[in-house]
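The values are calculated or read from the model by the stated rules, or taken from the named source; none is laboratory data. Note that the structure is a prediction, hence the values are computed from the model and not measured. All Cβ positions, glycine included, derive from the backbone under ideal geometry; neighbour counts span all protein chains shown.
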Amino acid sequence: MVLILGATGMFGSRVLRETAARGAPVRALVHSPARAPELQRAAVEVAIGDLDEPSSLAGAFDGVNVVFLVTPVDDRIEIRERNALRAAQQAGVRRVVKLHGAVRHDGDPLDVLHQASIDAIKASGLSWALVSPNSVMETSLLSQAEAIKQAGALFGSAGSGRVGLVAADDVARAGRSSRGGRRYSGDAAFRSLEARRRGPRHGHLSGAHRPGPDEPRGLGGAQP
């Protein structure tokens, strides 16, 4: 049994879909009973629980072999993920797969919380994997879709730096594959993911534009 935390979010919902499509038994943990019907209609087992309330988690983890761990990005990351980790240990879970961003900002409060959670996972005695995309197309590009269509170019504030983008669906495939088995049999840390499908699938973009001295630079008022 695979338990998906964050099962209605951008990544968790995709891992859920990928896992269920391959016939693996899958259970979704949701915070609100209102979200259960949509998952049940997709023939997914649903457990109601709150990562802020450890006593609500025991039933959700019963009989689970692998947990896919993704939680809301706020100041309770470490608390929620430690609660999930303790529930996993108590239930005899074999493996934990955590998703988090690969770009580290040393000293940033959220990064500190993520790293504390990762340290706890590594010290747990469970098998583990980290799935860590650099930047996701759905969040980095969709807000620019109309401008990209009109200009035939991507806009960003990375200067001459290269930013690897990956589709959320590919992150989900990596998460599903990281459950273990022949392909990923040991502990693994995925520090970046390359999009496997390259080329102009949705049109062609070429060239680069360097802003002139009177043109705005960066995004959201950022300056180089």
### Query
How many residues does segment 49-61 contain that are part of a helix (DSSP H, G or I) and in contact with a Gly (Cβ under 9 Å, 6 or more places away or on another chain)?
5
### Task
Only one of these is more than 16 Å from the chain's Cα centre (by Cα) and either part of a loop (DSSP other than H, G, I, E, B) or in contact (Cβ under 8 Å) with a residue 24 or more places away in the chain (or both): V97, V64. Name it.
V64
### Query
Which one of the conditions (1) over 19 Å from F11 (Cα atoms); (2) surrounded by 17 or more Cβ atoms within 10 Å (Cβ to Cβ); (3) of a type in the set (K, R); (4) at pLDDT below 95 does R95 fail to meet, given that it meets all the rest?
(1)
### Query
Which residues, counting only those in segment 156-172, are closer than 20 Å to P133 by Cα and surrounded by fewer than 10 Cβ atoms within 10 Å (Cβ to Cβ)?
G161, R162
### Message
When you scan segment 106-116, do you find a residue that is in contact with a helix residue (DSSP H, G or I) (Cβ under 8 Å, 6 or more places away or on another chain), under 18 Å from G175 (Cβ atoms) and assigned to a loop (DSSP other than H, G, I, E, B), even just one?
### Response
no
### Summary
When L16 is run through (1) hydrophobic (A, V, I, L, M, F, W, C); (2) more than 15 Å from the chain's Cα centre (by Cα); (3) part of a helix (DSSP H, G or I), the failure sits at (2)
### Task
Within segment 67-94, track down each residue that is assigned to a helix (DSSP H, G or I) and either of a type in the set (V, I, T) or farther than 10 Å from L3 by Cβ (or both).
I77, E78, I79, R80, E81, R82, N83, L85, R86, Q89, Q90
### Query
What number of residues in segment 79-92 are out of contact with any Asp or Glu (no Cβ under 7 Å at 6 or more places or on another chain) and crowded, with 20+ Cβ neighbours inside 10 Å?
6
### Query
So, of the residues in segment 20-41 that are surrounded by 14 or more Cβ atoms within 10 Å (Cβ to Cβ) and among the small types (G, A, S), which turns out to be modelled with the lowest pLDDT?
A36
### Summary
Restricting segment 101-155 to residues that are at pLDDT below 85 and among the acidic types (D, E), the one surrounded by the most Cβ atoms within 10 Å (Cβ to Cβ) turns out to be E138
### Message
What's the number of the only condition in (1) among the charged types (D, E, K, R); (2) out of contact with any Phe, Trp or Tyr (no Cβ under 8 Å at 6 or more places or on another chain); (3) buried (at least 21 other Cβ atoms within 10 Å of the Cβ) that R17 fails to meet?
### Response
(3)
### Task
Please name all residue pairs, on different chains or six or more residues apart, with Cβ atoms under 7 Å, provided the first residue is in segment 1-24 and is without any contact (Cβ under 8 Å) to a residue 40 or more places away in the chain and the second residue is charged (D, E, K, R).
T8/R35
### Message
R198 - would you say it is within 21 Å of I79 (Cβ to Cβ), of a type in the set (K, R) and at pLDDT below 75?
### Response
no
